[in-house]
Structures are given as C-alpha cells and as structure tokens.
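The values are calculated or read from the model by the stated rules, or taken from the named source; none is laboratory data. A quick note: this is a predicted structure, and the numbers were derived from the prediction, not measured. Note that each Cβ is placed from the backbone with ideal geometry, even for glycine, and that neighbours are counted across all protein chains shown. Calculation scope for accessible area: heavy atoms of the full protein, side chains included, ligands and nucleic acids excluded. Shrake-Rupley method; radii C 1.70, N 1.55, O 1.52, S 1.80 Å.
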Amino acid sequence: MKEEMVLERTSPVGIDETLEKLRSAVEKANWVVSDVKPLHKSVKKNGGDDLRPVHIMQVCNAQHASELLRNDETRFASAYMPCTISVYEREDGSVGVATVNMAPVGEALGGVFREVMSVPVAAQMQGFLDAL
C-alpha cells in the first residue's frame, strides 16, 4: 500500500544539497516553494523527541491550484495543498525524499481531480524526485 500512495527516493547527496536541488527543479518547472519547515525542530520545541532532521518543503503551482479551488464542488482539494515534499535523514545517515503519489488520489476522486492531480501534478512531482 505504501508503494502506491507514497513516492520515495534516496538522495545521493546530503540534506542541504537535496533541498537546493529540489528547489531548483521546482522553480524550473514554474512552481513555487512557499516554505521549508524543519519539522524535527518544531516537534522538539513542542515537547516531542529529539529527532533526526526532517524538512517539509511546501510547493505549489498556481494554475493547478486555481483549477481545483475556483468552485465550491472542488475547493475541498485545499486539504491536499500545498503539495509537500519531505526530506529526512535515516538512521543509517542516508537522505530520504518522499511525497504523496497524486496519481491514485486523483483517480480516486475522479473528474477535474483526475485531470489535474493524476496527470500534470503527479508527473511533475515525480519529476522533482527524479531531478535528484
């Protein structure tokens, strides 16, 4: 099930360089990086464990977002926005990169979701990971 719902890769470089490569790929595709959050720091600050680094990169494409947010019938898609790419350090020191596989999400929701999420969004998110 994980293999269907999550796209995951191992980056050949460290976390900082991985984040930069992803940022470059996202911007080259005319998407926007709206934020990069150090999730591990927030968890610790709020009483959780001291964790290995986990960064959450939030990315968005205004055209795709507009198609899904322009009317009430599809506005609930905002629950999937912005798209998130997670970059994290594994116990063995390698860097993992993961994102939601939007293809099955779009297929499950059908209609305009299939048109937007299953084809262009899924392909572009896959491309960001392949840029590593």
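Some observations on this one:
- Among the residues examined, A25 qualifies as within 24 Å of T10 (Cβ to Cβ), aliphatic (A, V, I, L, M), in contact with a Gly (Cβ under 9 Å, 6 or more places away or on another chain) and at pLDDT 95 or above.
- Condition check for E27 on (1) open to solvent by less than 90 Å² (accessible area, probe 1.4 Å); (2) in a helix (DSSP H, G or I); (3) within 16 Å of M125 (Cβ to Cβ): one failure, at (1).
- Residue selected from region 74-88 under the condition touching a helix residue (DSSP H, G or I) at 6+ places or on another chain (Cβ under 8 Å) and in a helix (DSSP H, G or I), by the criterion surrounded by the most Cβ atoms within 10 Å (Cβ to Cβ): A77
- Candidate set from region 53-89 (those that are of a type in the set (S, T, Y) and out of contact with any Pro (no Cβ under 9 Å at 6 or more places or on another chain)); member that is farthest from L109 (Cα to Cα): S86
- Residue list for region 89-121, restricted to those being surrounded by fewer than 16 Cβ atoms within 10 Å (Cβ to Cβ) and not in a loop (DSSP other than H, G, I, E, B): P104, E107, A108, G111, R114, E115, V119
- Long-range neighbours under 9 Å by Cβ, at least six apart or interchain, first residue part of a loop (DSSP other than H, G, I, E, B) within region 54-73, second open to solvent by 50 Å² or more (accessible area, probe 1.4 Å): N61/N30; N61/V32; N61/Q124
- Evaluation of D49 against (1) assigned to a helix (DSSP H, G or I); (2) out of contact with any strand residue (DSSP E or B) (no Cβ under 6 Å at 6 or more places or on another chain) (one fails), failing number: (1)
- Of the numbered criteria (1) in contact (Cβ under 8 Å) with a residue 12 or more places away in the chain; (2) open to solvent by 90 Å² or more (accessible area, probe 1.4 Å); (3) farther than 11 Å from H55 by Cα; (4) not hydroxyl-bearing (S, T, Y), the one K37 fails is (3).
- Lone unmet requirement of (1) farther than 21 Å from E27 by Cα; (2) of a type outside the set (V, I, T); (3) without any contact (Cβ under 8 Å) to a residue 12 or more places away in the chain for E89: (3)
- Residues of region 40-73 that turn out to be open to solvent by less than 50 Å² (accessible area, probe 1.4 Å) and either closer than 17 Å to M125 by Cα or touching a helix residue (DSSP H, G or I) at 6+ places or on another chain (Cβ under 9 Å) (or both), as a count: 13
- Region 10-24 - residue that is part of a helix (DSSP H, G or I) and not hydrophobic (A, V, I, L, M, F, W, C) and, of those, nearest to the chain's Cα centre (by Cα): R23
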